[in-house]
1. At 25 °C and 0.890 mPa s, grab the translational diffusion coefficient of the range 87-242 from Stokes-Einstein with a Kirkwood Rh over Cα pairs, rounded to a whole number in µm² per second.
2. Just to verify a number: what accessible area does Cys67 come out at with the full protein assembly present, 1.4 Å probe, Å² rounded to tens?
3. Given just the C-alpha atoms of the range 1-120, how large is their convex hull per residue in cubic angstrom?
4. Hey, what number do you get for the chain at 222 nm if only DSSP H runs of n ≥ 4 count, each worth -39500 (n - 2.57), divided across all residues, to the nearest 500?
5. If we count chymotrypsin sites (Phe, Trp or Tyr not before Pro) as exposed when they sit in a DSSP loop and have at most 14 other beta carbons within 10 Å, what is the longest stretch of the chain that avoids them all?
6. Would you calculate the convex hull of the Cα atoms in the range 152-280 and tell me its volume per residue in Å³?
7. Taking the 0 to 90 degree range and rounding to the nearest ten, how far is the long axis of helix 185-198 tilted relative to the main principal axis of the chain, both from C-alpha atoms?
8. What figure in square angstrom, to the nearest 10, would you give for the accessible area of His102 with a 1.4 Å probe?
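The values are calculated or read from the model by the stated rules, or taken from the named source; none is laboratory data. All values derive from a computational prediction rather than experimental measurement. Cβ coordinates were reconstructed from backbone atoms using ideal geometry, including for glycine residues, and neighbour counts include every protein chain displayed. With ligands, DNA and RNA removed, areas are computed over all heavy atoms of the protein, side chains included. Shrake-Rupley method; radii C 1.70, N 1.55, O 1.52, S 1.80 Å.
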Amino acid sequence: MIPGLEGAAAVLDPPARQYEENPHSQAFYRDLFAAYDRTADLEQFAAGPQHTHRQLTDLLADHPSLCGRSADLVIVAHALPDSQPYGVTASYAGLLFGDDSHGFAVSEQGLSAPFTALRILTGFWRSGRTRRPVLLVLEQTTLPVRDPAVHGERPLVDSGALLAFGGEGRLALRDAKDVRLELTREELTARLNALVDQDPQGTLVVLGPSAARRLGPALRGRNRHEAAPGTYATGVWVALADNWVDWQARYRRIALCDLELTTDQGCMAVLYGDPDASGG
């Protein structure tokens, strides 16, 4: 096994915070969008829920299952930018889990970012450079410009998941190849159906919102969980954080997957639970 899940927390659509005007942030956004001949919509920004990545991290780190948890590596994955343009969330999170951790972020990859981060985490684990890694998947929706992915037909809400790994976790990866990136829709469908065919009762398929809409009818097997609507890159990770204790006891394999709407490319990660589980 590589790393196993030892603790987790999720947050989905927390209560909005009061907007606090910040002239420095406003100037930053004006200058940023002016460079691209666009205008920052500061009224839209003020109407957002106002959670920064740090504030979402605080909500996640306060979960009882993470009490006393330390970390030697913190990886932050996000598809949407932070509403606060200053500060380093990975460093901030490192302070919450002890001051001896290394940290960095994975971004600019759409919903692939958390899957890439998990693959990187396994590389650190295999090399012996981490034994208490934490993966943070964050999504905040206060933006100074209209984004179809955020403000479209299915508006997004703020959400996040914190996954704490270690050597004692039962729900684990077995190999770095258990994380797959840049799969076509056909490849993703074929791989998921192959997993289900090998063990129909013991395999759970967890679908992100996009995958549920696009892949659902083509998938075999009855053990299926669809992530909460209103999420983008966080969906399957929020579902995992909310259900991992139950899932690791009920299923031998858990496949997390999602599909990017604009490129029709998908990702998947397979975690292994109790080998004696009977499924469903």
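1. Details: Rh = 17.3 Å.
Approximately 142 µm²/s, per Stokes-Einstein.
2. The accessible area comes out at roughly 120 Å².
3. Enclosed volume per residue, from the Cα hull, is 137 Å³.
4. Working: 9 runs with 89 residues, N = 280.
Counting only the DSSP helices, I get -9500 deg cm²/dmol.
5. 87-280
6. Convex hull volume per residue, Cα atoms: 102 Å³.
7. Once rounded, one gets 40 degrees.
8. 130
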